[in-house]
């Protein structure tokens, strides 16, 4: 199979998985009219498999599409940027020595960035009420960080990405 086609298929599968994992379990947050989800795990998995550029595209487009499909269109533009940058940061750090030796650090830093990335625009939208979303988003990012490292480590042993 052509290399470009294989890459395109990986992008499509990881984007679809991001949408699915975001939509399957989504817990609404009352204070900010948003929701918690498991999509970060796939964004980080994309960072492992596709690198920073691929994770930016998968994270931004896949997560924003899930927002639209779930009826959270007001978050889609923010998600496009924040989740895209979350993937980019994870991919960038995973490409460096620290990320290669301790991938949990790379994914955790990106997960915490995601929480802050949502918090800043939410401050303008909800004022002080935005603080309510911060602990949940940090936990979501860290859960995604841990599960992605565990999943990637297991999948790597099966040669699933060769």
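The condition of being farther than 19 Å from residue 24 by Cβ, under 11 Å from the mean Cα position of the chain (by Cα) and surrounded by fewer than 23 Cβ atoms within 10 Å (Cβ to Cβ) holds for only one of 93, 61, 85, that being 85. Residue 12 falls short of the stated requirement of being farther than 18 Å from residue 151 by Cβ, at pLDDT 95 or above and touching a strand residue (DSSP E or B) at 6+ places or on another chain (Cβ under 9 Å).
For residue 16, indicate whether it is in a helix (DSSP H, G or I), buried (at least 19 other Cβ atoms within 10 Å of the Cβ) and either under 12 Å from the mean Cα position of the chain (by Cα) or touching a residue at least 24 places away in the same chain (Cβ under 8 Å) (or both). Judged against the criteria, residue 16 is not a match. Looking only at residues of the stretch 96-111 that are closer than 11 Å to residue 149 by Cβ and surrounded by fewer than 22 Cβ atoms within 10 Å (Cβ to Cβ), we find that the one that is farthest from the chain's Cα centre (by Cα) is 102. Look at (1) surrounded by fewer than 24 Cβ atoms within 10 Å (Cβ to Cβ); (2) over 11 Å from the mean Cα position of the chain (by Cα); (3) assigned to a helix (DSSP H, G or I) and you find that residue 36 fails only one, number (3). Evaluate the following for residue 131: is it out of contact with any helix residue (DSSP H, G or I) (no Cβ under 7 Å at 6 or more places or on another chain), modelled with pLDDT under 95 and either under 15 Å from residue 43 (Cβ atoms) or surrounded by fewer than 19 Cβ atoms within 10 Å (Cβ to Cβ) (or both)? Considered against the rule, which asks whether it is out of contact with any helix residue (DSSP H, G or I) (no Cβ under 7 Å at 6 or more places or on another chain), modelled with pLDDT under 95 and either under 15 Å from residue 43 (Cβ atoms) or surrounded by fewer than 19 Cβ atoms within 10 Å (Cβ to Cβ) (or both), residue 131 comes out as yes.
The values are calculated or read from the model by the stated rules, or taken from the named source; none is laboratory data. None of these values were measured; they are calculated from a predicted model. Using ideal geometry, Cβ is built from the backbone for each residue, glycine included, and neighbour counts are taken over all protein chains shown.
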